[in-house]
Amino acid sequence: MYIPRPLLILLVIIYLLLLLSADWINQAGGAWYRPFFVGFLIIAAGGWAHRERDSDEL
Amino acid sequence: MDYELTTIIGLGSIYLMLLFGIAFITERGWIPDKIVHHPVVYVLSLGVFASVWAYYTSVGNAQRDGYGYLANSIGISLAFLFSPLLLKPILALTRTYQLSSLADLMAFRYRSPWAGTATTLVMLVGVTPLIALQIRAISDTAEILSPNASQGTLAFGFCVLITLFTILFGTSRGAVRGRHDGLMMAIAFESLVKLLAFLAVGVFAIYSGFGGLDKLNLWLQEQPELLFELKEVALFSSFHVFTLLFFSAAVAMPHMFYVTFNGNHGQRALAFASWGLPLYFLLISLPVLPILWAGLQAGSEVQVEYFPVVIGVAYGAPLITVLAYVGGLSAASGLIIVITLALSNMCLNHLILPIYQPTAKDDIYRWLLWKRRALITAVIWSGFLFHYLLDQRTSIELIGTIAFTACLQFFPGIIAILYWPQANKKGFVSGLIAGLLIWFIFLMLPIFIESSPLSLISINWREVAALSLIVNCFLFVAVSLWSTTTDEERSSADICALDTIKRRKRSGLVAKSPNEFITSLSKPLGKKTATREVTQAMKDLNITMDNRRPYDLRLLRGKLEANLSGLLGPSIAGKIIDGYLPYSIVSRHGSSDLNVIENRIEAYRSNLSGMAADLDNLRRYHRQILLDLPLGVCSLSSDNEIVMWNHALTEFTGIKSADIVGSQIADLKEPWLSLLLNFMDEDANHSYKHNFELNGQIKSVNLHKAEIEKSAGQDYSHEGVIILIEDITETEILEAGLNHSERLASIGRLAAGVAHEIGNPITGIACLAQTIRDEYEVDGLKNLAQQIIEQTNRTSKILQSLVNFAHAGTNKSHYENEIVSVVDCINEAQVLISLDKKSKDLSFQLDADPTAMILGDSQRLIQVLVNLISNARDASRSGGKINLQASVEGDQVRITITDEGVGIPAAIKDRIFDPFFTTKEAGEGTGLGLSLVFSIVEDLHGDIDIISPIGSAKSAGTQVILRFPRYQSEPELEIDDQDQETSSQQTV
């Protein structure tokens, strides 16, 4: 099975972001919109992973 | 706030008419394709997934589950962020095989109409609660706006409206043909409306409810329990199950399948949606919390889920209420329209058509149209019935959960399509039925029968979802492993499994032309429908009616199957095509359609990596060797279909590879057909010097062949023949030229020998004549002797010229570098030419400057002049005149040979110096004369120009101009230098 490299990198980014931000999101007194900020970062990484590439770039 | 019922119905009608108007103008082509096919439109149309669940239910979920309400967005976002794992391969399958629903996909993969039927039935049962949820939400919110209206009346009115509009949407010509641009545009619009409406309500909640973001934060600090509940997402809570439900819903829910795969315009759009749709869901999730808190602060007693509509009323903003209602209407109507269209197609293809099919006498399109209308009505009203039977106390969250859990039962089957080739239909259907049974007993039944004995068993929906999925998976795996898998299923599994390509057979078809296709398909479809379908498929493939290439006919068959699949579903389409357009030969293992496989690999290239990429590179390298081989290569299959036609053969025959590959050898034109067929019939594998005429020229080829053997188990079978065609025409001409030269050289040697033999007696005659002249005093005798001496001198001179010319043709590694008198050379050449009887009718006019001298080899210059003068002679008419001029022009000697002959046609002027190019009759000339002239002139540091015709008149003769560096003696050079000095001094 072929898994594109950017997809694996995206998976690692999501995992690391969630790991690093879990405490920050749940911090007492933290802003309610913090999860959305993390979500936005993940989507930005997704945009990078799914960017248009040359056909020969694997 | 109290609205009239008519206002609410009017608002709904106007909104739905607006949606239909957008679809209408899109299908009419009034909106540019650039906009319609833009990935943003695709992303927005995927927003149909944000139904009442995302719009209303998420507010209630936020209150109960805190951030757990985001499971909806996270599940669907993960499916799209990781689209290459699931969505992308399924998209490739659905596009290749025109699979328009999950039931089509299941029937295709598990090679069973039963798989499609089971999928449709489960989908119908499972999704009805979701339709009911939309009806319930619309009637509930309408009741909030118009408390005096009966909820039943509101739901009924909404269903009537949505039924009419769905029929309009779903039975347009484009929709029947499987074209969805209008619908996709309308759904994209409704997704935009609900997003903007929800964001507007959220902004209103923050600024009107709290006075700004800062004040909202201050309010939250005063409500610590709200923040605490928000962040308390238990590790094994419903959050994870919801995430899985919504992840699988990306493929398993009929409306998502419909939009994701049918509304798609290519992989680029999917790549865009892979981050675009998560962004859409992030934005639509954002206002949920402010809306919830604003509703709580207002102390609204209405069900939490409907806070988006209520807060407008609570804070005295009727416009926001109407906006929120329109957003909710948008969410519900979009989902109902798409889900109903998807379900009606599935029911038609997998429930009705397998039982009853229209006869050839029926108008199939009209028949399908009415069946589709009836099914749309049935699906929507079954949702209404479910809503009607439902207890009002049942939460809309539970209704939605029931629907999503039912669709979760397809998840094992979907994953197995791509990742488990061993799966079979028995396993799939067993697992599906078992999972659905658990779902029905523990989730569906209790909401209708409170006193059911099973309701005593304390089990929550999360556990039901997990249990049904586990049982489903277990039975699916176990039955698949223990039961036998058919060859058809294996073949389908190969096609569906990742990294494999379709193994299309390369067998011939019984129908040999598009007309025969129409005749064959007229039996099941009727002549009118068959003609329309075949014509449409031919138009799609750019195939003409007279096309009989097997490769094109196979493509046509595939296209017809795909088109009929869009119309009747893959099972019926496959049945019709297999039954009425069968293959003529049952294909053996290994006789795959290489051209199709190559095209697929070519398209898949960007996805290959590692060893697969290396193998592909190796394949390309070997193929390129064959393609670029300077010999013609033609590969034939066992049934005489042309599989390869390389570049050299294209150049030689003038037949393009694209035009001939895939054709039968019998489709070749002459002379190639006879040449190859005769050679194939021969026993010998090599055949030399086949001569044939091509475009008025004689061509000569050597032919070689070899049978391609392929191992098939223990037997060896002939996969085809490879034929090499070697063009030896130029070699033949070269050989002829060499033979001719050899003959000329022999004649030269003979002439030299003869000249030598004649020279001696001539010398003797000259001596005797001199003796007579000197010793006899008789005048008459003296004169006669003198004449004899002159004639013998002339004869000796001729003989000497012959000897010199013959010696010039011999191989020399070193040429003389002597002072050559151009006049002498012209004279000698003229003498040689005069020896030929052809020159007798011509008159030569010589005008030569005796001071014209060059440095070089006189014999070679004579050879140049003889060749040029003989060409001039051959081109001249009888009695013509040839001018020979030699003059000095500065430091150059200019020689011109001018005839009054036929001239040189412009078309061949560029080729006259090419070796072996001749316009003379065969055997008259070798085509080497002018190329030899060119070569010698270059050796003598000169250049050559040819003017033809001379002047403006057509065919007014030819003038050849030779220029050589002039030889100047030293005194001449000194004089020249002095002249130059004088001249320069005068100039100064």
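Extension gain, B:ILE819-B:ASN217: 0.36 nm per intervening residue step, less the Cα-Cα distance, totals 205.6 nm.
With one equal scatterer per alpha carbon and no solvent term, the Debye-computed log10 I(q)/I(0) for the range B:5-406 at 0.10, 0.13 1/Å reads -0.63, -1.08.
Using a 10 Å cut-off around each Cβ of peptide B:276-284, what is the average number of partner chain Cβ atoms that fall inside?
On the way: counts 4, 2, 6, 6, 1, 2, 6, 2, 0.
Average neighbour count from other chains, rounded to a whole number: 3.
Do any of B:LYS669/B:LYS699; B:LYS425/B:LYS527; B:LYS527/B:LYS575 go past 24 Å between their Cα atoms, and which? The pairs that break the limit, which is 24 Å between Cα atoms, are B:LYS425/B:LYS527.
Listing A:TRP48, B:TRP439, B:TRP370, B:TRP672 from fewest to most neighbouring C-beta atoms within 10 Å gives B:TRP370, A:TRP48, B:TRP672, B:TRP439. Angle of helix B:594-604 to the longest C-alpha principal axis of chain B, folded into 0 to 90 degrees and rounded to 10: 60°. Relative protection proxy for B:67-76, A:3-12, from highest mean packing down: B:67-76, A:3-12 (other beta-carbon atoms within 10 angstrom).
Hey, got the average number of other protein chain Cβ atoms within 10 angstrom for residues in A:30-43?
Details: counts 2, 4, 11, 5, 2, 7, 7, 0, 0, 10, 4, 0, 7, 12.
Per-residue shielding by partner chains comes out at 5.
Among B:118-131, B:202-215, the peptide with the highest mean count of other Cβ atoms within 10 Å heads the list, and the full ranking is B:118-131, B:202-215. Once the Cα-Cα distance is subtracted from the 0.36 nm per residue extended length, the B:ASP874 to B:ASP639 segment shows a gain of 79.1 nm. Calculated mean residue ellipticity, 222 nm, chain B: -20000 deg cm²/dmol, from DSSP H runs (n ≥ 4) at -39500 (n - 2.57) each, averaged per residue and rounded to 500.
Over all directions, the average projected area of the alpha-carbon convex hull for the range B:245-376 comes to how many nm²? Let's see the in-between values first.
Numbers: hull surface 47.4 nm².
Mean projected area of the Cα convex hull: 11.9 nm².
Going highest first, how would you order B:140-151, B:372-383 by mean Cβ packing within 10 Å? Write down the numbers at each step before the final one.
On the way: B:140-151: 18.6, B:372-383: 20.4.
Peptide ranking by packing, descending: B:372-383, B:140-151.
The mean number of Cβ atoms from other chains found within 10 Å of a Cβ in peptide B:77-84 is 5, as a whole number.
How would B:LEU842, B:LEU432 line up from fewest to most surrounding beta-carbon atoms within 10 angstrom? Kindly include the intermediate steps, with their values, before the conclusion.
Working: B:LEU842 20, B:LEU432 23.
Placing the least packed residue first, the sequence is B:LEU842, B:LEU432.
If neighbour count is taken as other Cβ atoms inside 10 Å, put B:MET106, B:MET253, B:MET611 in order from fewest to most.
Working: B:MET106 27, B:MET253 32, B:MET611 8.
By the 10 Å Cβ count, ascending: B:MET611, B:MET106, B:MET253.
Convex hull volume of the C-alpha atoms in chain B, normalised per residue: 308 Å³. With Cα atoms as the point set, the radius of gyration and Dmax of the range A:5-49 evaluate to 11.5, 39 Å.
Within 10 Å of each candidate Cβ there may be at most 12 other Cβ atoms; applying that plus a DSSP loop requirement, which trypsin sites (Lys or Arg not before Pro) in the range B:833-872 survive? Filter output for the range B:833-872: B:LYS840.
Just the number: Rg to Rh for the protein assembly as shown, Cα atoms, Kirkwood Rh, two decimals. Write down the numbers at each step before the final one.
Numbers: Rg = 46.2 Å, Rh = 36.9 Å.
The Rg/Rh ratio comes out at 1.25.
With 0.36 nm allotted per residue and the present C-alpha distance subtracted, the B:LEU855-B:ASN695 stretch has 53.0 nm of extension available. Cα centroid separation, the range B:459-499 to the range A:1-31: 31 Å.
If you plug the beta carbon distance of B:LEU631 and B:LEU481 into 1/(1 + (r/R0)^6) with R0 = 56 Å, you get a FRET efficiency near 0.60.
Any read-out appearing in this document is the output of simple, stated calculations on the displayed coordinates, not a laboratory observation. Quick caveat: nothing in here was measured; it's all calculated off a predicted structure. Cβ: placed from backbone, ideal geometry, glycine included. Neighbour counts: every protein chain shown.
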